[in-house]
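The values are calculated or read from the model by the stated rules, or taken from the named source; none is laboratory data. On a predicted model such as this, the values are computed, not experimentally measured, just so you know. With ideal geometry, Cβ positions are generated from the backbone for all residues, glycine too; neighbour counts draw on all protein chains shown.
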Amino acid sequence: MPTPIPTAVSSSGDAGSTPLVEMVGIDKSFPGVRALSQARLELRAGEVHALMGENGAGKSTLMKILSGVYSRDTGTIRLNGQPVDIVSPRQAQDMGIGIIHQELALMRDLTAAQNIFIGREPRRFGLLDEGALNRDAQAIFDSMNLRLEPTVKVETLTIARQQMVEIAKALSYKSRVLIMDEPTAALNDAEIAELFTIINRLKAEGVGVVYISHKMDEIKRISDRVTVMRDGEYVGTVPAADTPIETIISMMVGRTLTNEALDIPNTAANPVALEVRGLNRGRDIRDVSLTVRKGEILGLAGLMGAGRTEVARAIFGADPRDSGEIWVNGQRVGISSPKDAVRAGIGYLSEDRKHFGLATGLDVRNNIALASLERFSGPGGVLNDGAMREVAEKYIRQLSIKTPSDTQEARLLSGGNQQKVVIAKWLLRDCDILIFDEPTRGIDVGAKAEIYKLLNALAEQGRAIIVISSELPEILRLSHRIAVMCEGRLTGTLPGGSSQEEIMRLATQREPAMEMRHAG
Amino acid sequence: MTDTAATPAKSGVRISGAFHRLLAFSGLIALVVVFSLASPNFMQTQNVLAILQATSVNGVLAIAATLVIITGGIDLSVGTLMTFCAVITGVVLTYLGLPLPVGIVASILAGTACGLVSGTIIAKLKVPPFIATLGMMLILKGLSLVISGTRPIYFNDTPGFDQIARGSLVEAVLPAVPIPNGVLILFGVALLAAFVLSKTALGRYTFALGSNEEAVRLSGVNVDRWKIAVYALAGSVCGVAGLLIASRLNSAQPALGQGYELDAIAAVVIGGTSLSGGRGTVLGTLIGALIISVLANGLRILSVAQEWQTVVTGSIIILAVYADILRRRTL
């Protein structure tokens with residue numbers, strides 16, 4: 001499938017002068033994974049350069065190398081034409097390279113101001129000068145047009161406000177190169193507009209900004225050039241304004257995507273498998289009610305921190321709830337622990353498989369049998385290994401889990417196959433209601449399609465499925481219905497095949513009181 | 001508008017953060033009231049001073065433990081390090097016959113050096129704090145016995161050594177309240193530690209490390225260096241405890257020490273410092289240490305068998321942490 005790949009092109013700005021940053025031929029391997037192969041990036045002063053690619057394409061890895069978090073295996077980095085070695089975050093900062101990490105890197109027990117100036121606290125007579133610290137932080141907030149108390153503890157802030165603290169911190173470095181790794185993941189439209197104002201000001205001051213985002217409209221709005229990566233490799237660099245979105249997408253996926261029409265089965269007549277009424281938990285979950293029918297895939301969408309995982313965990317009994325009823329197949333069930341949920345036929349596949357879903361040290365067979373061990377217990381509690389093997393082999397075939405044998409340690413499987421092992425575990429336990437939390441996180445592109453197929457097959461067999469995903473294309477591709485959350489509330493339910501814009505509108509629909517905070 | 005939105009959240013945390021200390025403090029007051037009602041002897045000056053004196057060693061050790069625990073670490077070696085420092089003082093003063101100030105400096109330096117070693121093992125070799133300080137606990141216990149030849153070292157040749165903890169400078173001014181020097185030293189160490197935690201960069205990084213070590217690293221801070229510094233500071237505080245206990249016993253008892261670390265950690269926990277790091281106060285730890293000694297003293301006055309005292313202390317530790325969990329749940 002040959003795709004015309006545009007190579008480096010000139011764009012606005014003075015292409016003739018020395019670029020601010022040049023990364024050429026960068027390789028990076030982690031044990032068992034080749035993360036980058038001959039990756040490259042050129043950033044000019046005063047430009048916003050979007051770095052795009054699917055999950056796992058290597059964008060964050062490349063930027064962690066530029067900011068001194070990782071060291072490269074091979075390749076050259078030039079700063080203003082001079083070859084440099086960047087060995088630590090501190091050194092990167094000293095060179096004027098600042099980064100806003102994708103995962104919020106804040107110290108929850110410290111105040112906003114203390115977080116911003118960690119490592120560079122103003123001192124007086126050798127002692128910390130809290131007054132100056134708070135004044136300096138206030139000055140940055142003012143310049144961002146952000147109304148925030150410097151002395152407020154970070155743990156009391158919403159995710160969106162924490163994100164703003166991160167941005168303030170990056171700004172405080174007065175960096176010449178500023179890397180933003182998905183800075184808008186938790187922001188609403190007004191906040192994004194403010195961020196863009198700040199970015200445009202930095203740009204005018206000659207700062208080079210690397211902007212990582214999945215959101216096409218943002219890329220179009222803010223960036224000058226776009227570099228696309230795929231599978232750890234450089235694909236090409238194109239001007240943002242003149243390149244159609246379709247071209248960028250085909251560069252990202254390596255082929256032209258046809259708009260696959262979603263086949264939404266009519267499940268309206270099916271019996272309701274799971275109904276949640278008036279679920280509440282602190283300020284994380286506020287009066288959430290939803291239903292899933294047999295054979296239906298319900299997408300649960302929302303920004304980071306909207307409370308989707310919290311809802312899943314509360315349904316599953318992993319966290320206590322303040323109030324709310326859970327009905328399974330028309331019966332009210334009391335769920336106060338995961339054990340109760342499993343007995344009611346609910347399986348939860350967590351966001352973080354390694355920590356919660358999979359016993360990575362155990363083999364495939366034992367992982368599949370883990371939730372159903374009583375079934376294999378003979379007299380005296382001795383496990384029937386033969387029966388376990390038979391069942392494990394059945395699921396390995398059925399779900400086409402790629403493993404040399406059922407005695408392979410689960411940690412040695414790829415992400416997609418690990419996910420399948422967890423699915424097998426719940427299927428064996430007769431769970432007909434399955435909640436998938438970010439089912440394709442950390443899974444490569446090819447395996448994603450297989451997981452999608454599997455989810456569709458599970459629905460066709462009459463199981464009720466909830467899918468939580470931060471990736472809107474994934475939600476749109478899978479969901480028969482889409483429930484959208486914002487700040488703990490369910491802000492609406494959309495039919496499958498709705499547009500990204502409709503979802504985003506609901507995902508940023510904050511309560512008026514919350515909105516006022518930001519209006520300042 | 002922002003201010004109105006942010007302020008309640010802020011004060012909310014302040015209240016809940018102070019809540020635990022308040023709880024510990026009211027617990028302490030309640031104990032004092034109960035024991036004074038139960039026995040007229042309890043509130044007598046002599047007994048109150050005895051309680052304070054009994055708190056001094058554990059209090060100082062608990063302050064050392066607090067520093068480390070706020071970073072999200074743990075130090076199991078505080079007890080045997082204290083003994084090791086006492087033995088070193090004995091060697092310097094009794095075996096070598098050097099003057100008293102040299103002995104004092106030697107104790108504190110020995111503590112600092114051992115803290116540096118623990119900190120380096122933890123920060124550079126990445127050995128988990130529990131294991132590293134468990135190892136150090138046994139190493140120091142053994143070294144104390146080896147150096148002393150398993151025999152106590154007495155300070156009879158160093159006049160005034162026992163006055164470090166047992167004398168009373170206050171008595172000269174206020175004869176009615178002869179507060180022992182050991183108690184003054186405890187309060188001095190507490191003030192100093194509180195100052196370091198709130199006013200210095202070291203204190204800031206202590207909290208920051210316990211809050212999110214990776215974030216501190218990503219901020220370009222030399223995490224290893226500061227972590228080692230915290231353990232070294234805790235070690236020097238153990239050196240002070242070594243002087244206190246040696247002075248009180250007028251001897252360095254090499255077999256002593258093991259078990260003190262658990263009392264110290266108990267005081268920290270009762271005082272509301274989180275074992276997961278990031279939060280904690282010296283004041284809370286002082287209150288925690290006082291609760292333990294008031295309890296021991298009061299139960300003894302009421303002629304409760306010593307075996308039962310440990311049962312009660314154990315229950316209070318669990319209750320204190322459970323109260324903290326309840327608080328978090330309602331946050």
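Per-residue answers, yes or no, for (1) more than 14 Å from chain B (Cβ to nearest Cβ); (2) more than 19 Å from the chain's Cα centre (by Cα):
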site: A:E149; (1), (2): no, yes
site: A:Q162; (1), (2): no, no
site: A:E166; (1), (2): no, no
site: A:F196; (1), (2): yes, yes
site: A:I222; (1), (2): yes, yes
site: A:D231; (1), (2): yes, no
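Report yes if some residue within the range A:227-239 is assigned by TED's automatic domain parsing to the domain that holds A:S143, within 27 Å of A:N188 (Cβ to Cβ), surrounded by fewer than 18 Cβ atoms within 10 Å (Cβ to Cβ) and out of contact with any Asp or Glu (no Cβ under 7 Å at 6 or more places or on another chain); otherwise report no.
For the range A:227-239, residues assigned by TED's automatic domain parsing to the domain that holds A:S143, within 27 Å of A:N188 (Cβ to Cβ), surrounded by fewer than 18 Cβ atoms within 10 Å (Cβ to Cβ) and out of contact with any Asp or Glu (no Cβ under 7 Å at 6 or more places or on another chain): absent.
Among the residues of the range A:356-370, is there at least one that is among the polar types (S, T, N, Q), closer than 24 Å to A:L383 by Cβ and touching a residue at least 40 places away in the same chain (Cβ under 8 Å)?
Taking the range A:356-370 as the starting set, the residues that turn out to be among the polar types (S, T, N, Q) are A:360, A:366-367.
Applying the additional criterion that residues be closer than 24 Å to A:L383 by Cβ yields A:360, A:366-367.
Applying the additional criterion that residues be touching a residue at least 40 places away in the same chain (Cβ under 8 Å) yields A:360, A:367.
Within the range A:356-370 (the criterion being among the polar types (S, T, N, Q), closer than 24 Å to A:L383 by Cβ and touching a residue at least 40 places away in the same chain (Cβ under 8 Å)), the answer is yes, since at least one residue qualifies.
Filter the helices (runs of 4 or more DSSP H) completely within the range A:434-520 down to those with at least 3 residues that are assigned by TED's automatic domain parsing to the domain that holds A:R411 and modelled with pLDDT of 80 or more.
By residue number, A:445-460, A:472-478, A:500-507.
Which one of A:I285, A:I315 is more than 19 Å from A:C431 (Cβ to Cβ), of a type in the set (V, I, T) and in contact (Cβ under 8 Å) with a residue 60 or more places away in the chain? Let's see the steps before the verdict.
Values: A:I315 fails: more than 19 Å from A:C431 (Cβ to Cβ).
Being more than 19 Å from A:C431 (Cβ to Cβ), of a type in the set (V, I, T) and in contact (Cβ under 8 Å) with a residue 60 or more places away in the chain holds for just one of A:I285, A:I315, which is A:I285.
Residues in the range A:283-300: is at least one at pLDDT 85 or above, surrounded by fewer than 19 Cβ atoms within 10 Å (Cβ to Cβ) and closer than 22 Å to A:E54 by Cβ?
Scanning the range A:283-300 turns up no residue that is at pLDDT 85 or above, surrounded by fewer than 19 Cβ atoms within 10 Å (Cβ to Cβ) and closer than 22 Å to A:E54 by Cβ.
Determine which member of the set B:Q258, B:Q309, B:Q253 is at pLDDT 95 or above and either more than 18 Å from B:T133 (Cα to Cα) or surrounded by fewer than 21 Cβ atoms within 10 Å (Cβ to Cβ) (or both). Steps first, answer last, please.
Working: B:Q258 fails: at pLDDT 95 or above; B:Q309 fails: at pLDDT 95 or above.
Unique residue meeting the criteria: B:Q253.
Taking the conditions exactly as written (within 14 Å of chain B (Cβ to nearest Cβ) and over 23 Å from A:L494 (Cβ atoms)), does A:G282 satisfy them or not? Spell out how you get there, then give the answer.
On the way: within 14 Å of chain B (Cβ to nearest Cβ): yes; over 23 Å from A:L494 (Cβ atoms): yes.
Against the criterion (within 14 Å of chain B (Cβ to nearest Cβ) and over 23 Å from A:L494 (Cβ atoms)), A:G282 qualifies.
Against the definition (acidic (D, E) and over 30 Å from A:S469 (Cα atoms)), how does A:E155 come out, yes or no?
Answer is no for this residue.
Could you please find all residues in the range B:43-71 being in a loop (DSSP other than H, G, I, E, B) and crowded, with 20+ Cβ neighbours inside 10 Å?
Result: B:T71, single match.
Looking at the range B:83-93, can you tell me whether even one residue there is modelled with pLDDT of 95 or more, surrounded by fewer than 24 Cβ atoms within 10 Å (Cβ to Cβ) and in a loop (DSSP other than H, G, I, E, B)?
Here is the first cut: in the range B:83-93, the residues modelled with pLDDT of 95 or more are B:83-93.
If we keep only those that are surrounded by fewer than 24 Cβ atoms within 10 Å (Cβ to Cβ) too, we end up with B:91-92.
Adding the requirement that they be in a loop (DSSP other than H, G, I, E, B) leaves none.
Within the range B:83-93 (the criterion being modelled with pLDDT of 95 or more, surrounded by fewer than 24 Cβ atoms within 10 Å (Cβ to Cβ) and in a loop (DSSP other than H, G, I, E, B)), the answer is no, since none of the residues qualifies.
Looking at the range A:89-167, what helices (runs of 4 or more DSSP H) fall wholly within it and have at least 3 residues that are over 23 Å from A:L66 (Cβ atoms) and either among the hydrophobic types (A, V, I, L, M, F, W, C) or not assigned by TED's automatic domain parsing to the domain that holds A:V210 (or both)? Give the steps one after another, and end with the answer.
On the way: elements: A:89-94, A:112-116, A:130-143.
Qualifying helices (runs of 4 or more DSSP H): A:130-143.
Do any helices (runs of 4 or more DSSP H) entirely within the range A:313-415 hold 2 or more residues that are under 30 Å from the mean Cα position of the chain (by Cα), and if so, which? First the steps, then the outcome.
Values: elements: A:338-343, A:364-369, A:373-376, A:385-398.
Once the helices (runs of 4 or more DSSP H) in the range A:313-415 are filtered for at least 2 residues that are under 30 Å from the mean Cα position of the chain (by Cα), what remains is A:338-343, A:364-369, A:385-398.
Just checking, does the range A:122-138 include any residue being in contact with a Leu (Cβ under 9 Å, 6 or more places away or on another chain) and within 21 Å of A:V209 (Cα to Cα)?
Residues of the range A:122-138 that are in contact with a Leu (Cβ under 9 Å, 6 or more places away or on another chain), as a first pass: A:122, A:137-138.
Of the ones still in play, those that are also within 21 Å of A:V209 (Cα to Cα) are none.
The answer is no, given that none of the residues of the range A:122-138 is in contact with a Leu (Cβ under 9 Å, 6 or more places away or on another chain) and within 21 Å of A:V209 (Cα to Cα).
Looking at (1) more than 7 Å from chain A (Cβ to nearest Cβ); (2) free of Cβ contacts under 8 Å to residues at least 24 places away in the same chain; (3) under 18 Å from B:L283 (Cα atoms), which one does B:K199 not meet, given that it meets all the others?
The one condition B:K199 does not meet is (1).
Looking at (1) crowded, with 24+ Cβ neighbours inside 10 Å; (2) within 14 Å of another protein chain (Cβ to nearest Cβ), which is the only condition B:L244 fails?
With respect to (1) crowded, with 24+ Cβ neighbours inside 10 Å; (2) within 14 Å of another protein chain (Cβ to nearest Cβ), B:L244 is out only on (2).
Quick one: which of A:M216, A:M180, A:M144 is surrounded by fewer than 20 Cβ atoms within 10 Å (Cβ to Cβ) and under 22 Å from the mean Cα position of the chain (by Cα)? Spell out how you get there, then give the answer.
Details: A:M180 fails: surrounded by fewer than 20 Cβ atoms within 10 Å (Cβ to Cβ); A:M144 fails: under 22 Å from the mean Cα position of the chain (by Cα).
On inspection, the qualifying residue turns out to be A:M216.
Answer yes or no as to whether A:N188 is more than 9 Å from every other protein chain (Cβ to nearest Cβ), in contact with a strand residue (DSSP E or B) (Cβ under 9 Å, 6 or more places away or on another chain) and of a type in the set (S, T, N, Q).
Spelling it out, A:N188 is indeed more than 9 Å from every other protein chain (Cβ to nearest Cβ), in contact with a strand residue (DSSP E or B) (Cβ under 9 Å, 6 or more places away or on another chain) and of a type in the set (S, T, N, Q).
If you go through the range A:301-318 one residue at a time, how many are at pLDDT 90 or above and of a type outside the set (S, T, N, Q)?
Step one: filter the range A:301-318 for residues at pLDDT 90 or above, giving A:301, A:307-317.
Checking which are of a type outside the set (S, T, N, Q) leaves us with A:301, A:307-308, A:310-317.
So the answer is 11.
Of everything in the range A:470-484, what is under 16 Å from the mean Cα position of the chain (by Cα) and over 16 Å from A:E501 (Cβ atoms)? Give them in sequence order.
Within the range A:470-484, A:S470, A:E474 qualify.
Kindly indicate the residue of the range B:226-242 that is touching a residue at least 60 places away in the same chain (Cβ under 8 Å) and not aliphatic (A, V, I, L, M) and also nearest to A:A132 (Cα to Cα) among those meeting that condition. Let's see the steps before the verdict.
Keep residues of the range B:226-242 that are touching a residue at least 60 places away in the same chain (Cβ under 8 Å), which gives B:227-242.
Imposing the further condition that a residue be not aliphatic (A, V, I, L, M) reduces the set to B:227, B:231, B:235-236, B:238-239, B:242.
Numbers: B:K227: 25, B:Y231: 29, B:G235: 32, B:S236: 31, B:C238: 34, B:G239: 35, B:G242: 39 Å.
Checking each candidate, the answer is B:K227.
Starting from the range A:150-169, keep only residues that are without any contact (Cβ under 8 Å) to a residue 40 or more places away in the chain, then list their pairs with residues that are hydroxyl-bearing (S, T, Y) whose Cβ atoms are within a distance under 8 Å, requiring at least 6 positions of separation or different chains.
What qualifies is A:P150/A:T111.
State all residues of the range A:93-141 that are more than 10 Å from every other protein chain (Cβ to nearest Cβ), without any contact (Cβ under 8 Å) to a residue 24 or more places away in the chain and buried (at least 22 other Cβ atoms within 10 Å of the Cβ); if no residue qualifies, say none.
Result: no residue meets the conditions.
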